[in-house]
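Beneath this line is the structure, given in structure tokens, with notes to follow.
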Amino acid sequence: MNLGLRDGISLGPVIAAALTAGSTPESDELVHAHMALRRERAMKVIGITKFMAGAVGMSPAFQDKWSWSPIHIYTIRDWALWVLCKSKWIRDTVAWKFSGLEDP
């Protein structure tokens with residue numbers, strides 16, 4: 001949602017400049033540059049989301065590597081996340097990165 005709002009806000013000036021300049025290669029390039037930048041930002045947020053989903057879901061291959069441990073890997077993961085989330089800085093940083101608002 002934040003990415004969509006951010007796209008809408010940043011697209012306004014680009015569309016206004018393109019409409020003012022008319023249909024020229026420069027105005028087309030401006031729109032394409034904006035699209036590339038927004039795609040790059042979206043892919044960054046999607047990457048963070050996939051990383052976090054992978055940490056929560058853990059593949060069976062990863063779980064098998066921890067089969068020697070008397071403590072189940074999910075218990076270790078849950079405790080590690082619990083400890084990390086006690087830090088306000090970590091909570092704020094993760095929320096900020098997930099929001100997609102860290103970059104203009």
> If you scan the stretch 17-27, which residues turn out to be open to solvent by less than 50 Å² (accessible area, probe 1.4 Å) and in a helix (DSSP H, G or I)?
Replying inline: A17, A18, S27
>> Need the failing condition index for E40 against (1) over 26 Å from the mean Cα position of the chain (by Cα); (2) surrounded by fewer than 11 Cβ atoms within 10 Å (Cβ to Cβ), just the number.
In response: (1)
> Does the stretch 4-11 contain at least one residue that is modelled with pLDDT of 80 or more and either over 18 Å from the mean Cα position of the chain (by Cα) or open to solvent by 80 Å² or more (accessible area, probe 1.4 Å) (or both)?
Replying inline: yes
> So, in the stretch 57-74, of the ones that are outside any helix (DSSP H, G or I) and not aliphatic (A, V, I, L, M), which residue ends up nearest to V45 (Cα to Cα)?
Replying inline: S59
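A quick yes/no check of all residues on (1) open to solvent by less than 100 Å² (accessible area, probe 1.4 Å); (2) under 30 Å from L3 (Cα atoms); (3) hydrophobic (A, V, I, L, M, F, W, C):
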| position | (1), (2), (3) |
| --- | --- |
| F51 | no, yes, yes |
| G57 | yes, yes, no |
| W68 | no, no, yes |
| D78 | yes, yes, no |
| W89 | no, yes, yes |
> Does L30 satisfy being in a helix (DSSP H, G or I), touching a His at 6+ places or on another chain (Cβ under 7 Å) and open to solvent by 60 Å² or more (accessible area, probe 1.4 Å)?
Replying inline: no
>> Being in a helix (DSSP H, G or I), of a type outside the set (A, V, I, L, M, F, W, C) and touching an Asp or Glu at 6+ places or on another chain (Cβ under 9 Å) narrows it down to one residue among R77, R38; which is it?
In response: R38
>> Just to verify a result, which residue in the stretch 95-104, among those that are out of contact with any Leu (no Cβ under 9 Å at 6 or more places or on another chain) and in a helix (DSSP H, G or I), is most open to solvent (accessible area, probe 1.4 Å)?
In response: W96
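The values are calculated or read from the model by the stated rules, or taken from the named source; none is laboratory data. As the structure is a prediction and not an experimental result, all values here were calculated from the model. Don't worry about glycine lacking a Cβ; one is built from the backbone with ideal geometry, like all the others, and counts go over all protein chains shown. Protein only, heavy atoms only, side chains kept; ligands, DNA and RNA dropped before computing areas. Shrake-Rupley method; radii C 1.70, N 1.55, O 1.52, S 1.80 Å.
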